[in-house]
Amino acid sequence: MQNEIKDIWIDLNKELYQFILNKIKDEEIAKDILQESFIKVISKINQLKDTSKVTSWVYQITRNTIFDYYRRSKITSISIEDIDIPEAENDSFEYTKLSNCINQKIEVLTENHKQAIILTSFKNYTQKELATLLKISYSGTKSRIQKARSILKDKIMDCPNVASDKTGKLLDFDNN
């Protein structure tokens with residue numbers, strides 16, 4: 001039993017830490033969640049029936065631990081400043097204006113729509129993970145994300161220098 005747990009730790013430690021860090025974006029909290037996940041693995045290892053599925057089992061425990069963290073912290077408001085939006089290689093003035101416009105449009109969304117956009121688009125949550133986190137149905141989550149994207153798209157169309165086709169499909173932004 002001890003050797004199994006030691007092998008799991010050796011095999012998955014770094015990989016799980018990166019997985020958690022991608023979801024949490026805070027190194028100390030990620031380390032805490034990693035430790036908490038392995039405590040759960042140790043305490044529940046005897047419940048694992050199929051040892052060939054140990055990796056997926058450990059990941060599921062880790063995902064649930066991440067969800068537990070968010071439930072405990074009770075995220076009620078997400079700010080655009082809390083996320084890392086990748087910068088474009090082109091640091092042009094026009095790109096900066098467009099990014100600022102998009103950020104402002106996200107910030108004025110309702111809290112539910114802002115949360116759906118930020119967590120799925122910038123924090124890499126799957127729709128199922130978001131449904132679990134928000135404690136709503138998967139289909140309700142999909143609808144919320146689609147609605148949030150639609151509202152955001154309409155708001156982005158008001159940004160200066162945004163180009164679209166006749167159907168409203170976003171094409172590009174103009175550098176002029």
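Taking segment 56-72 as the range and being free of Cβ contacts under 8 Å to residues at least 40 places away in the same chain and of a type in the set (A, V, I, L, M, F, W, C) as the test, the residues that pass are Trp57, Ile61. Would you confirm whether or not segment 28-47 contains a residue that is in contact with a helix residue (DSSP H, G or I) (Cβ under 9 Å, 6 or more places away or on another chain) and outside any helix (DSSP H, G or I)? No, the conditions are met nowhere in segment 28-47. Taking the conditions (1) touching a residue at least 60 places away in the same chain (Cβ under 8 Å); (2) surrounded by 17 or more Cβ atoms within 10 Å (Cβ to Cβ); (3) part of a loop (DSSP other than H, G, I, E, B) in turn, Leu109 satisfies each one other than (1). For segment 115-146, filtered to residues that are among the β-branched types (Val, Ile, Thr) and touching a residue at least 40 places away in the same chain (Cβ under 8 Å), the residue that is least open to solvent (accessible area, probe 1.4 Å) is Ile118. No other residue among Arg71, Arg63 is within 18 Å of Lys128 (Cβ to Cβ), assigned to a helix (DSSP H, G or I), at pLDDT below 80 and open to solvent by 60 Å² or more (accessible area, probe 1.4 Å) apart from Arg71.
Residues in segment 1-27 that are part of a helix (DSSP H, G or I) and open to solvent by less than 100 Å² (accessible area, probe 1.4 Å): how many?
Result for segment 1-27: 16.
Contact map, segment 33-55: residues that are touching a residue at least 40 places away in the same chain (Cβ under 8 Å) paired with residues that are surrounded by 11 or more Cβ atoms within 10 Å (Cβ to Cβ) and in a helix (DSSP H, G or I), Cβ distance under 7 Å, separation 6+ or inter-chain. Pairs shown: Ile45/Glu4; Ile45/Ile5; Val54/Ile8; Thr55/Leu12.
The values are calculated or read from the model by the stated rules, or taken from the named source; none is laboratory data. Only a predicted model underlies this, so the values are computations on that prediction, with no experimental measurement involved. Glycine also receives a Cβ, built like all others from the backbone with ideal geometry; neighbour counts cover every protein chain displayed. Keep in mind that these areas ignore ligands, DNA and RNA; they rest on the heavy atoms of the full protein, side chains included. Shrake-Rupley method; radii C 1.70, N 1.55, O 1.52, S 1.80 Å.
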